[in-house]
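Undergrad: I'd like to ask you about the structure that follows.
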Amino acid sequence: MPILQTRLAEGFAQRFGGAPDLVVRAPGRVNLIGEHTDYNDGFAMPVAIGPETRVAVRRRGEGEIRVTALNFGEEDAFVPSADLQKAAQGGWRDYIRGTVAILAREGVDIGGLDIAVMGDVPMGTGLSSSASLEVAVATAVLALAGRQENPKQVALWAQAAENDFVGMRCGNLDQLASAATVEGAALLIDCRSLDLRPIRMPSDAAVMIVQSGVVRGLVEGHYNERRRQCEAAAAILGVPALRDADLAMLEAVAADVDPLVVRRARHVITENDRTLAAAEALALGDLQAVGVLMRESHASQRDDFEITVPLTDRLAELMSEAIGEHGGARQTGGGFGGAVVGLMRNDRVEAVRERVLSDYRTPSGELPDVRVERACSGASVEIVGS
Ligand code: GLA
């Protein structure tokens, strides 16, 4: 993304003078299928997308890290340590502080740094702007420290920043997608074994992301509540995680269990099956089969996991209708609004865009943001200065 790169270089020079030692990019992601399965040790299949976070970093002598967030015109400064505290203001600062704290805990030699950050992943819309920030910062700090780490390990540390420092109990989907995806492919993630299988996107397929305009509110509360309900369901079923359960096990106890817990478990069990089936179908280029599974995934999120809202239901339905039989659409990400993802044949893109722009309005009555994305590669070190 050349404009981002130019503005980042200018911002770095203006704030700190000179040029960075290196620049790292880490993409946002959209999840094609496999929602709320990651923290149940299940399966998910995201693609990394064009919008990304870039960080420009340079070592400095003293012990302090200085950060400028160019999107907000805001700054932070702190001494790297495993005992770092959250920033009084919260927000973006804690993703960076958390990543640094986790890497310090892991014994990475961090030292003083100047960091400029800039990104174009829309925030709060289910495209993982925070994971891309964590992964970008972790990749940059590790590269400067001369540590060659597997992208999986980088992702797990970025996730630890979110879990242990920020306090959001997310799974590993977002960080693995941002760190470890391969260009031109979706990534089938086994969230337990961390086995990653790139699934090449069919050449006739397009990924469309439409923002519902429903901004997720109080998501962390809902998210952590869903997570607790899944843990309760696993305990009732006597399995380590819902990954280990099947529908027959659920049916055997259903009569004696709170119907809400049964619904939550049913979503996760069926979503894992759908994700594995979708990966097989995508690998064969069978958009029709993937589309059916995506539609079923939306219905399951709506009826069993109860994380959709009326506007994302409507948007997913009208997109699915316009897509026709070769593909489908579903709400993507943590839920309660955010974005709807559609997978379709290239030759349907304009018709689907027209349909969305004519029939859908955000809660404030505006035209929704519609973007068509290609599958990008995971985080990379872009420029190494002299
Ligand atoms: C958020 C979390 C992920 C995952 C998704 C739902 O994006 O950060 O770990 O649980 O929700 O699939």
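The values are calculated or read from the model by the stated rules, or taken from the named source; none is laboratory data. Predicted model, so just to flag it, every value in this text is computed and none were measured. Cβ atoms come from the backbone with ideal geometry, glycine included; neighbour counts cover every protein chain shown. Keep in mind that these areas ignore ligands, DNA and RNA; they rest on the heavy atoms of the full protein, side chains included. Shrake-Rupley method; radii C 1.70, N 1.55, O 1.52, S 1.80 Å.
Undergrad: Just to be sure, is Arg25 crowded, with 24+ Cβ neighbours inside 10 Å and part of a strand (DSSP E or B)?
TA: Here the answer is yes, as Arg25 does meet what is asked.
Undergrad: If you go through the range 106-156 one residue at a time, how many are away from the ligand (no atom under 16 Å from the Cβ), open to solvent by 50 Å² or more (accessible area, probe 1.4 Å) and closer than 24 Å to Ser193 by Cα?
TA: 7
Undergrad: Ser297 passes all but one of (1) surrounded by 18 or more Cβ atoms within 10 Å (Cβ to Cβ); (2) modelled with pLDDT under 95; which number fails?
TA: (2)
Undergrad: Here's another thing I want to ask about it. Filter the range 247-287 for residues that are of a type in the set (D, E, K, R) and under 28 Å from the mean Cα position of the chain (by Cα); which is nearest to Ala186 (Cα to Cα)? Let's see the steps before the verdict.
TA: Kept after step one, since they are of a type in the set (D, E, K, R), are these residues of the range 247-287: 251, 256, 258, 263-264, 266, 271, 273-274, 280, 286.
Adding the requirement that they be under 28 Å from the mean Cα position of the chain (by Cα) leaves 263-264, 266, 271, 273-274, 280, 286.
On the way: Arg263: 28, Arg264: 26, Arg266: 25, Glu271: 17, Asp273: 17, Arg274: 15, Glu280: 12, Asp286: 14 Å.
Here the residue is Glu280.
Undergrad: Do we find that Ile383 is touching a residue at least 40 places away in the same chain (Cβ under 8 Å), within 29 Å of Pro151 (Cβ to Cβ) and open to solvent by less than 20 Å² (accessible area, probe 1.4 Å) in this structure?
TA: Numbers: touching a residue at least 40 places away in the same chain (Cβ under 8 Å): yes; within 29 Å of Pro151 (Cβ to Cβ): yes; open to solvent by less than 20 Å² (accessible area, probe 1.4 Å): no.
No, not satisfied.
Undergrad: Does Arg15 count as open to solvent by 10 Å² or more (accessible area, probe 1.4 Å), more than 16 Å from the ligand (Cβ to nearest atom) and touching a Ser or Thr at 6+ places or on another chain (Cβ under 7 Å)?
TA: Numbers: open to solvent by 10 Å² or more (accessible area, probe 1.4 Å): yes; more than 16 Å from the ligand (Cβ to nearest atom): yes; touching a Ser or Thr at 6+ places or on another chain (Cβ under 7 Å): yes.
So Arg15 fits the description; yes.
Undergrad: Also, I was wondering about something else. Suppose we filter Ser193, Ser178 for residues that are surrounded by fewer than 21 Cβ atoms within 10 Å (Cβ to Cβ) and of a type in the set (Ser, Thr, Tyr); which single one remains?
TA: Values: Ser178 fails: surrounded by fewer than 21 Cβ atoms within 10 Å (Cβ to Cβ).
Exactly one residue qualifies, and that residue is Ser193.
Undergrad: Just the residues that are closer than 30 Å to Asp304 by Cα, open to solvent by less than 10 Å² (accessible area, probe 1.4 Å) and out of contact with any Phe, Trp or Tyr (no Cβ under 7 Å at 6 or more places or on another chain), please, taken from the range 35-85.
TA: Glu35, Asn40, Gly42, Ala44, Met45, Pro46, Val47, Ala48, Ile49, listed by residue number.
Undergrad: Something else: Condition (residue is open to solvent by 50 Å² or more (accessible area, probe 1.4 Å), in contact with a strand residue (DSSP E or B) (Cβ under 9 Å, 6 or more places away or on another chain), within 25 Å of Pro122 (Cβ to Cβ) and of a type outside the set (Asp, Glu)) applied to the range 300-310: is it met by at least one residue?
TA: yes
Undergrad: Sort through Arg197, Arg226, Arg216 and tell me the only one that's in contact with a Gly (Cβ under 6 Å, 6 or more places away or on another chain), of a type in the set (D, E, K, R) and either more than 16 Å from the ligand (Cβ to nearest atom) or closer than 27 Å to Arg314 by Cα (or both).
TA: On the way: Arg197 fails: in contact with a Gly (Cβ under 6 Å, 6 or more places away or on another chain); Arg226 fails: in contact with a Gly (Cβ under 6 Å, 6 or more places away or on another chain).
From the options Arg197, Arg226, Arg216, the qualifying one is Arg216.
Undergrad: Here's something else I'd like to know. So, of the residues in the range 36-83 that are without any contact (Cβ under 8 Å) to a residue 40 or more places away in the chain and not in a strand (DSSP E or B), which turns out to be farthest from the chain's Cα centre (by Cα)?
TA: Val79
Undergrad: Quick test for you: out of Val341, Val352, Val309, pick the one residue that is modelled with pLDDT of 95 or more, within 16 Å of the ligand (Cβ to nearest atom) and more than 19 Å from Ala375 (Cα to Cα). Give the derivation first.
TA: Working: Val341 fails: more than 19 Å from Ala375 (Cα to Cα); Val352 fails: within 16 Å of the ligand (Cβ to nearest atom).
Answer to the check: Val309.
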